[in-house]
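Before any comments, here is the structure.
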Amino acid sequence: MARKDLQWEFSSDPITEGDIQAVGEKLGVIFPKDYVQTAKKHHGGYPEPNRFMVEGVERVLGVLYSFDPEHEDGDLLTNNEDYRDEHGIPKQVVIFGEDPAGNFLCFDFRKDPKQPSIIFWNHEREGGDPKVVTHTFEDFLLMLH
């Protein structure tokens, strides 16, 4: 059930499912369909509403990473390549966005490569102290308030 009230600002130009799959192949993952449908139109965008809860703490989705290598916030592929080593992020965890404080929202493919959970990765904690936010991207969008 897609949200009708979710608005996106500053999204990059629309892309194809093939563009997204090509990046997934480079990262060794298959992105979930609910994410692909959103990313095709809204990659690089800022959602409104944009707040969600992680273990009783309100957090903010600042940006949904773009697939455009020229995007001012960087692109999904480059950001994952750059941040993995710096923050000790496993290969089966793929960052798709971040909050204004530089923490990451990620797909965690470690338990289920076909339906990754959504985790919050705290960039200031050793090992990221990953916290499960929800089990699907669609559920993540539904929880934004």
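What number of residues within the stretch 108-141 are touching a residue at least 60 places away in the same chain (Cβ under 8 Å) and either touching a helix residue (DSSP H, G or I) at 6+ places or on another chain (Cβ under 8 Å) or aliphatic (A, V, I, L, M) (or both)?
Going through the stretch 108-141 one residue at a time, the tally reaches 5.
State yes or no: is Lys41 part of a helix (DSSP H, G or I), of a type outside the set (A, V, I, L, M) and either free of Cβ contacts under 8 Å to residues at least 60 places away in the same chain or in contact with a helix residue (DSSP H, G or I) (Cβ under 6 Å, 6 or more places away or on another chain) (or both)?
Against the criterion (part of a helix (DSSP H, G or I), of a type outside the set (A, V, I, L, M) and either free of Cβ contacts under 8 Å to residues at least 60 places away in the same chain or in contact with a helix residue (DSSP H, G or I) (Cβ under 6 Å, 6 or more places away or on another chain) (or both)), Lys41 qualifies.
Within the stretch 1-60, can you find the residues that are loosely packed, with under 15 Cβ neighbours inside 10 Å, among the basic types (Lys, Arg) and either under 22 Å from Ile119 (Cβ atoms) or modelled with pLDDT of 95 or more (or both)?
Within the stretch 1-60, Arg3, Lys26, Lys33, Lys41, Arg51 meet the criteria.
Please go through the stretch 97-130 and give me each residue that is within 18 Å of Glu81 (Cβ to Cβ) and not in a strand (DSSP E or B), ordered by number.
Gly102, Phe109, His123, Gly128
For the stretch 1-23, give me each residue that is in a helix (DSSP H, G or I) and without any contact (Cβ under 8 Å) to a residue 24 or more places away in the chain.
Glu17, Gly18, Gln21, Ala22
Could you go through the stretch 79-89 and let me know if any residue there is free of Cβ contacts under 8 Å to residues at least 60 places away in the same chain, closer than 16 Å to Leu142 by Cα and buried (at least 16 other Cβ atoms within 10 Å of the Cβ).
No, there is no match, as no residue in the stretch 79-89 is free of Cβ contacts under 8 Å to residues at least 60 places away in the same chain, closer than 16 Å to Leu142 by Cα and buried (at least 16 other Cβ atoms within 10 Å of the Cβ).
Taking the stretch 44-68, which residues are assigned to a loop (DSSP other than H, G, I, E, B), charged (D, E, K, R) and within 15 Å of the chain's Cα centre (by Cα)?
Once the filter is applied, which keeps residues that are assigned to a loop (DSSP other than H, G, I, E, B), charged (D, E, K, R) and within 15 Å of the chain's Cα centre (by Cα), the stretch 44-68 yields only Asp68.
The values are calculated or read from the model by the stated rules, or taken from the named source; none is laboratory data. Computed from a predicted structure; not experimentally measured. Here the Cβ is made from the backbone with ideal geometry for all residues, glycine too, and neighbour counts use every protein chain on show.
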